[in-house]
């Protein structure tokens, strides 16, 4: 106890009897636990005209005072000096000074041993990364102290923006361990953010979703901003471009906020729920982007001041929007509020830790990183829920459309059934009145049936005629448009048919048409597939609910079946082949069916010009 009192008196004597610019002499040894926070031993001065060590050493003692947060509260124009002294009772101790603020512009360290200058080191993010004494994200200065030496350090800090000086004293072993664990921690956090951002970007490309695009932009720009603040971006992305390091923070901060505004607009569905909030979000995004684009041409402190106030106000606005929508019953707005609140809470706790308002056994940046990570992961969940809801809604709409189609089909069948029943009753009534009239009506009915068949059937080939084809195309086009299913048209033309007529006669040509028509009917498997004679030696086939791949497969099987026919006429074998043009699409308007028919005809023309006996799929690029 007595020894401690003497030590305290000795330290006070050193402080009182030292030069005016000196601080309390701190004694360290091998047992000193690191990291040792040097802030309580720092003295600070804000000289107006002193720019070198000699001028600083000549300052009177009343120009120096203990360092506090009040010395670094402004956002720009920082130019101050720090001073502290160390001694040790041990023989040789190796230590490292660590200044854990990667955004400091210029740091000049004057190292004195027993009042003699032994080294001057200049570093900061206005110099290339390779010029640092230690290649680290933070600023490190190694030194050795021997027994009874007095090491005095003067640090000249010149910077714009955040001037926090978390100065710690480390042993080499302890710093290596903590640097490795910190690198893993930051790498893990940045890896998670980058992975989520890239994954969201892939989903945005695959689905064409603006929500995922804005979210990906928000996450990736936030990842780059965090990497810049922690020094990783300067170390790995632009180590030889310190000018870029100076503008990235004031540029990225508005970009992050702009993506957050656009993402919020989509998540809260403001386009459908609140037009006024939508307009505010969009104009705010334009405003903050203009601020970001103008930041390289503004004074750093002014730009940062404007951006911090703008981001704080816009963050509050977004929170209010989310709360209002949550109160109105919007499910995603409630989850969005939780995620956004977690980030704001982490930011507030980190700010309080930086300002020493509260004390927790964590690094100041840890709460904001945890809050940010939770917010981004939670927003991913919100996006996934919204995507799932939209998918279910689309399926529900499709199912309702199918039900409506089934109802229409059922109503049509019932109407036909009712009409048949009515006709049957009428026939019975006529039969009861007179047998002669019954016979007449029956004969008339037969004639009508034959006329109906003759009006829809091609008399030569036995397949449907052009009139029936036109009606069926209109009906199937409407179904394709209503159900959003593809429809395929096949235009078929008999190769060199004129030569068959010229060489073997028209009877041979007629028989060839009948044979080909029968083969076409045999190769159409589905009841909904429709074949007709389009005119002359041309046939047309409608394949409802058929994609391009299926249509090509059907066309090829037909072409091969026709080519395999052994057609003989008067003992002579006549080779038969056809050329087929295919067009496939989902009908979107009334004239689309006619356009699809024209496209199939163009594809048929291409097949003819390409050598015949082949299938061609219509492609706009080939026109």
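No lab work stands behind these numbers, since they all come straight from the coordinates. Only a predicted model underlies this, so the values are computations on that prediction, with no experimental measurement involved. In this analysis, Cβ positions are derived from the backbone assuming ideal geometry, glycine residues included, and neighbour counts consider all displayed protein chains.
Ordering 382, 463 from the fewest to the most neighbouring beta carbons within 10 Å gives 382, 463.
Using a ≥ b ≥ c from the Cα gyration tensor of segment 18-178 (square roots of the eigenvalues), is it rounded, prolate or oblate, where a/c under 1.5 gives rounded and otherwise the larger of a/b and b/c decides, a/b for prolate? Cα axes put segment 18-178 in the oblate bin.
Estimated from the Cβ-Cβ distance and a Förster radius of 41 angstrom, the FRET efficiency linking residue 496 and residue 410 is about 0.25. The sum of -39500 (n - 2.57) across all DSSP H runs of n ≥ 4, divided by the residue count of the chain, sets its helix-only mean residue ellipticity at 222 nm to -19500 deg cm²/dmol. Overall, the ratio between the Cα radius of gyration of segment 484-564 and 2.2 N^0.38 Å, rounded to two decimals, is 1.17. Each of 554, 126, 582 has some number of other Cβ atoms within 10 Å of its Cβ, and from fewest to most they run 126, 554, 582. Rounded to the nearest 10 degrees, the inclination of helix 466-483 to the longest alpha-carbon principal axis of the chain is 30 degrees. Between residue 293 and residue 401, the modelled labels are 4.0 nm apart [label points 7 Å from Cα along Cα→Cβ].
Evaluated at q = 0.13, 0.17 Å⁻¹, the base-10 log of the normalised Debye intensity for segment 458-622, with identical point scatterers placed on the Cα atoms, takes the values -0.58, -0.97. Using C-alpha pairs below 8 Å separated by at least 6 residues, the relative contact order for the chain is 8 percent. With R₀ fixed at 30 Å, the C-beta to C-beta distance from residue 68 to residue 279 puts the FRET efficiency at about 0.10.
In plain terms, the bigger the Kirkwood radius, the slower the diffusion; for the chain, with that radius from Cα pairs, at 10 °C and 1.306 mPa s, Stokes-Einstein puts D at 49 µm²/s. Highest-first packing order for the peptide set 215-223, 304-312, 151-159 is 215-223, 151-159, 304-312, based on the mean count of other beta carbon atoms within 10 Å. Cβ crowding within 10 Å, taken as a proxy for footprinting-reagent exposure, orders 319, 379, 429 from fewest neighbours to most as 429, 319, 379. The distance between label points at residue 33 and residue 236 comes to 3.3 nm (points 7 Å beyond Cα on the Cα→Cβ vector). Please give the helix 435-456 orientation as an angle from the longest Cα principal axis of the chain, in degrees from 0 to 90, rounded to the nearest 10. Helix 435-456 sits roughly 50 degrees off the main axis of the chain.
Modelled spin-label separation between residue 130 and residue 475, with each label point placed 7 Å from Cα along the Cα-to-Cβ direction: 7.9 nm. To the nearest ten degrees, helix 300-327 and the longest principal axis of the Cα atoms of the chain are 50 degrees apart.
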